[in-house]
Amino acid sequence: MKLFKKLFFFTLLLFTSFGTYAQKFAYVDSDYILTKIPDFVQAEEKINDFTEQWQSEIEAAYAEVDQMYRDYQSEQVLLTNEMKLKREEAIISKEKSVQSLQQKYFGKNGELYKKRQELIKPIQDRIFDAVQQLAANNKYSVIFDASSDLIMLYSNPDLDKSDKVLELMGY
């Protein structure tokens, strides 16, 4: 019985060690890959242009609200209660309009998000396909992304397959 237990544990140890040797790991740096793709650099420039344009539009609208408020403050003593109320409503309405515009451009599903989806998602999909192809061709069990929130305390440069992914994508 004692021999049987030893033989069982030895066999179990043998099979688990074969399982760990069969697994292959690699990692890629998606930030590095993206910076090497000209389409991504152009897409980022377009997105930055849209962002600057929208931001300046919002800043101008907020400046207009601020000017309306300063005008109201300076003329407040001369206005009747009804006129004060109308001015306050106009200022509040304008401010809500600007906030709505800000949400339209930069909100959760705003124009910026849509532009990112339109311009960058296809590039990310191509990278994902290349990583999938790399994993299938080389029988990797796991491929990590070094630029994600994953904390890699040490990484062997031989396991970095970022350039291989770029090569598979034609860059």
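Rank these for me by crowding, 126, 70, 116, going from fewest to most other beta carbons within 10 Å.
Values: 126 18, 70 10, 116 15.
Ranking 126, 70, 116 by Cβ neighbours within 10 Å, fewest first, gives 70, 116, 126.
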How large is the Rg to Rh ratio of region 21-169 when both quantities use alpha carbon positions and Rh follows Kirkwood?
1.30
Under the 7 Å Cα-to-Cβ spin-label approximation, residue 66 and residue 80 lie apart by a distance in nanometres of 3.3 nm
Run down the aspartates and glutamates and flag those whose C-alpha is under 13 Å from the C-alpha of residue 121, throwing out any fewer than 8 positions away in its chain.
39, 44, 129
Which pairs, out of 36/115; 114/139; 46/104, put more than 30 Å between their alpha-carbon atoms?
114/139
With a sphere of radius 13 Å drawn around the Cβ of residue 59, what net charge do the other residues whose Cβ falls strictly inside it have (Lys, Arg +1; Asp, Glu -1)?
-4
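If we count every other residue with Cβ under 11 angstrom of residue 98's Cβ, Lys/Arg +1 and Asp/Glu -1, where does the sum land?
Working: positive: 94, 96, 104; negative: 57, 59, 64, 66, 95.
Counting the neighbours of residue 98, the net charge comes to -2.
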Sequence-distant residues sharing a close amide H with residue 147 (under 5 Å, placed H):
30, 31
Taking neighbour counts of Cβ atoms within 10 Å as a proxy for exposure, in what order, fewest first, do 35, 51 appear?
35, 51
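Quick one: order 165, 131, 77 by neighbouring beta-carbon count within 10 Å, fewest to most.
By the 10 Å Cβ count, ascending, the order reads 77, 131, 165.
FYI, it's all coordinate maths here, none of it is from the lab. Just so you know, these numbers come straight off a predicted model, no measurement behind them. FYI the Cβ positions are ideal-geometry reconstructions off the backbone, even for glycines, and counts take in every protein chain you see.
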